[in-house]
Amino acid sequence: MAAVRLGKNHLRWCGDCNLPILESKRCPICDSETEEVILTPPADSRPAFEGDIERIRNALDRSYGEGSGKAVLPEGHIVILNKVPGLDRMDEVVCDGVVVATMRYDLGDGWKAILRMQGAMRLKGIIGKGYVVCDDGAVQYVQDSKNLMAPGVSSAHPDVKPWDEVVILTNDGTIVAAGSARMNGPDMVGGRGIAVKPRWYKPEELIERPQKHTWDYVVEVNRPVIDDRVNEAVGFIKNTIEKNKLPAVVSFSGGKDSQATLLLTLDAGLKLPVLFVDTGLEFDETVRFVHDTVKRHDLKLIEEKASADAFFGNLVYFGPPAKDYRWCCKTNKLGPTVNAITKNFPDGVLSFIGQRKYESEARKAKSRIWRNPWTPGQLGASPIQNWSAMHVWLYIFSKKEPYNVWYTRGLDRIGCFLCPASDLAEFEAMKNNERYTKWDEFLENYAKDKGLPAEWKEFGLWRWKNAPASMREEVERVTGKDVSDLTKRSAPEEGGPLRIKIQDGYSPCTIGYSVEAALSRPINLEKVKPFCRALGWIIEVDPDGEYVSADYTTIYRDGAIVSKSGAVADAKRRMNHAWQVIVRAEQCVGCGLCVARCRPGALYMKDGKVEIHEDECIFCRECFGPCPSADFTDNIKDDFDQ
């Protein structure tokens, strides 16, 4: 996946002191020159917690034998993780100033340690499995980026299987390369074909830096940089309050970024009220952490809770939320946020928010102070817009503040426990949590009810209405099955009149406006598709027949509809038109009103039902209007611009 550059990489390293140094080209301790740690963008690195280190060591021990984990990550050495683009979750592992490995979460297999050369060389004399021994004559070919062929293998560990990560070494134990096996270990010896595809093979000198340090010491070394960042942010907070004559609050989610923002307002000498929106989908530990933090600093808490049935009451209509079907953002996040602001700050409010440009391209594009059109009366401001995650963590460490316990359990972001934007790796970290266990049970029952196979839940396919090509390819590689077969509902489809339920509004998670709708039953997409010509010229049809898209609106066979736009009226109009297209195709009553309005003559009546000549439709949209079939229920009638 393509790397995204969102800002400068601030992580540098002093090789003489074996210390991470932020920003400075000179070490504050020994004054020697520091070097940039080469990271994959966006280079938003963070400290590795004890749970992270234990997970990495365990993966290394499983792959390369007992003791491999501590050989690669020695006790007392600073370890840093850098999240990089991947199919699920992937982190570069930095120790002693170099990337020693990559941790990758694979579908069906879980966490896998992929060694870089510096990590592989640390296993010399220690590695007990996961190795392939090559002949001396094959070394130069491997180091010239050639595959290690079976005739060049003198021995291999018997447990090596295809696609295992392995280390290539010589008969005297010299580490030559690290890569991926392409056949079983025993088959390599005397066999033919590719034995190992090297991934890292360029000769390097082993970097040995024995100095041990604590994060407390790292904080003290980097204090001048932290203090500079804090002073600038404090000045920003005070100036923003002075220029905008509004009551001010801190928006606190329980995550590290909003925690840092809260602490900065305290450093500014302010005791601002804290606004916390309890979506009803938070971890219990997050809610407790918010309450404990507010109490510890003697601050006023403004807490707004989503209604008890905001999510689970709507789940029966909309089904599981998805990355491309985030109806829950409106019901559980946007709604309560707007209610809290309207109720407590009718004349407007200045909200200090922990937004950072390193989080996404959308956040990078936003200014440091902004007005959100979907939360009337709120002026947002981010003191940490230009901070990296490492700045945030060193600042929190410097304050000796407790932080959300879920960061120590493998999560690098805190939010709703069932968020479809989560990785499978994050769901694995949650698997023993009581709240997530209940969600997992819901997914299990939902799959059975809809006739969906076990892989639908196992591989998190519920997280998309239309899974991306990369995920489709990986699932097919692992299962041998096409994703369309794993997401097709084989349960009987009920007939009867169509009804529609709608959620619309700004999506805080994706920063955009959308309307999501759920029909009361699946639809016959083959019948609906021809009428979609009236929506617009550009029509995209899923090759597997699961959806059709036109005019920024997507209609799914299972009854879901998504309409997106930068303008509220446009999104609602498109949803209205999508609804009319569907009922026109599915339950025409034969009145002929739409036919009479169709000047080009594309619509016509046949056997008492409306039909369409697609090629004659000029999408003038004059056919849209009063239609007896489009009998909106009272609770949604006002949602459309009719």
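Computed from the coordinates by the stated procedures, all read-outs in this text should not be read as laboratory data. This structure is a prediction, so every number in the text was calculated from the model and none was measured. Here Cβ is always computed from backbone atoms with ideal geometry, including for glycine, and neighbour counts include all displayed protein chains.
Inspection of the stretch 295-307 identifies no residue that is β-branched (Val, Ile, Thr), within 25 Å of residue 515 (Cβ to Cβ), buried (at least 17 other Cβ atoms within 10 Å of the Cβ) and touching a residue at least 24 places away in the same chain (Cβ under 8 Å). When residue 126 is evaluated against the numbered criteria (1) of a type in the set (A, V, I, L, M, F, W, C); (2) buried (at least 23 other Cβ atoms within 10 Å of the Cβ); (3) over 34 Å from the mean Cα position of the chain (by Cα), which criterion, by number, is the only one it fails? Failed condition: (2). Counting only strands (runs of 3 or more DSSP E) that sit wholly inside the stretch 520-607, those with at least 1 residues that are within 19 Å of residue 500 (Cβ to Cβ) are 547-550, 553-556, 560-565.
Look through the stretch 608-626, keep the residues that are touching a Gly at 6+ places or on another chain (Cβ under 9 Å) and farther than 21 Å from residue 539 by Cβ, and return whichever of them is surrounded by the most Cβ atoms within 10 Å (Cβ to Cβ). Among them, the one singled out is 609. Scanning the stretch 270-289 for residues that are within 15 Å of residue 383 (Cα to Cα) and touching a residue at least 12 places away in the same chain (Cβ under 8 Å) turns up at least one hit.
Residues in the stretch 321-342 that are surrounded by fewer than 22 Cβ atoms within 10 Å (Cβ to Cβ) and within 20 Å of the chain's Cα centre (by Cα) were compared, and the one that is farthest from residue 514 (Cα to Cα) is 323. Residue 138 passes every criterion in (1) over 30 Å from residue 410 (Cβ atoms); (2) small (Gly, Ala, Ser); (3) surrounded by fewer than 20 Cβ atoms within 10 Å (Cβ to Cβ) apart from (3).
Restricting attention to the stretch 403-434 and to residues that are among the basic types (Lys, Arg) and surrounded by 15 or more Cβ atoms within 10 Å (Cβ to Cβ), the residue that is nearest to the chain's Cα centre (by Cα) turns out to be 413.
One residue stands out among those in the stretch 464-483 that are surrounded by 15 or more Cβ atoms within 10 Å (Cβ to Cβ) and among the polar types (S, T, N, Q): the one that is nearest to residue 516 (Cα to Cα), which is 466.
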